[in-house]
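Every read-out reported here was derived from the displayed coordinates using simple, explicitly stated rules and does not represent laboratory data. Bear in mind that the values here come from a model prediction, so they are computed numbers and not experimental data.
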Amino acid sequence: MATSTPDQSPSSHSCNDGNDSSYISRRHCAIFSDVVAAHSRIRSRIHRTPVLTSRSLDALSPPGCTQLYFKIEALQKTGSFKVRGATNAVLRRVVESKDEGSYGDGTEQPTVVVTHSSGNHAQAVAHASSSVGAGNRSRAVIVMPRNSPQAKYDAVTKTYCAEVVLCENDPIAREVKCDEIIEDMRRRGEEDVLFVHPSEDPDVIAGQGTVCLEFVEQVKEMNLENVTPPLDVVIIPVGGGGLAAGNCISLRGLLGNSVKVIFFVPVLFVFPHFFFWCRSAFISSSTASVPFTPHIFPEYAPSANLPNV
């Protein structure tokens with residue numbers, strides 16, 4: 001049996017952007033080439049979600065802001081961007097590794113993909129394990145809080161046929177329960193186990209970064225005047241930090257410092273939990289080391305004129 005978990009030690013927060021082709025778990029970090037590889041890996045299994053505009057919202061925008069673009073990830077499979085990271089993790093570390101004969105002990109027993117989530121990541125991992133990991137390659141065990149939305153619980157258990165273990169609605173309780181599940185499987189010695197963290201897993205971060213890889217390409221396609229750069233400001237919502245970290249990597253890789261990136265945290269977000277979830281996602285991304293503020297993260301790429309957001 002083999003167990004794969006990200007290294008949580010402080011010394012793991014380093015990034016080596018060399019030519020090492022081995023898996024990024026050695027550095028607990030994603031780099032731009034990982035995002036590009038992730039998109040190549042998952043693009044046939046996800047939607048290229050639309051980018052929409054709105055003249056009404058453009059008219060309400062501040063002076064100097066001439067065009068707004070919206071990447072609609074609500075139309076993604078399972079209803080959110082989370083399927084990008086989950087699919088990338090399962091494909092790379094279960095399907096490809098087993099095809100190469102380099103994962104686990106080489107047997108045909110399924111890999112158990114373990115994670116914790118109140119809904120979106122849970123659905124994404126369950127979907128990836130049941131569809132991407134077809135042929136009895138993987139199954140999912142999801143730790144969900146007892147107050148998870150019923151619709152998402154039903155999607156995980158009934159639509160994607162994953163096993164759910166309930167816990168209290170607390171981030172520490174979730175991780176403790178995952179540890180208990182993994183340790184129990186290790187004691188039994190029955191199955192390969194893969195833990196996929198909702199936001200700190202490097203494969204998840206790389207997969208989430210494919211949002212802006214598509215976004216920049218789509219805006220360029222829509223920009224008939226071929227304005228450079230195609231985007232002046234990108235606003236990214238922040239929960240656990242995986243989406244923000246991955247897309248900082250994408251935007252810096254594609255547009256360098258010509259684009260301003262603003263992170264938006266919901267006003268009612270429980271801020272101490274934010275640090276718990278993304279303590280390493282931002283640290284491990286050399287492009288995203290910015291000071292934290294409760295609601296909006298300060299921009300770190302100055303731009304004088306901001307017509308395209």
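Only lysines eight or more places from K152 in sequence, or on another chain, were considered; those with a Cα closer than 25 Å are K71, K77, K82, K177.
Calculated over segment 166-234, the projected area of the Cα convex hull averaged across directions stands at 7.6 nm².
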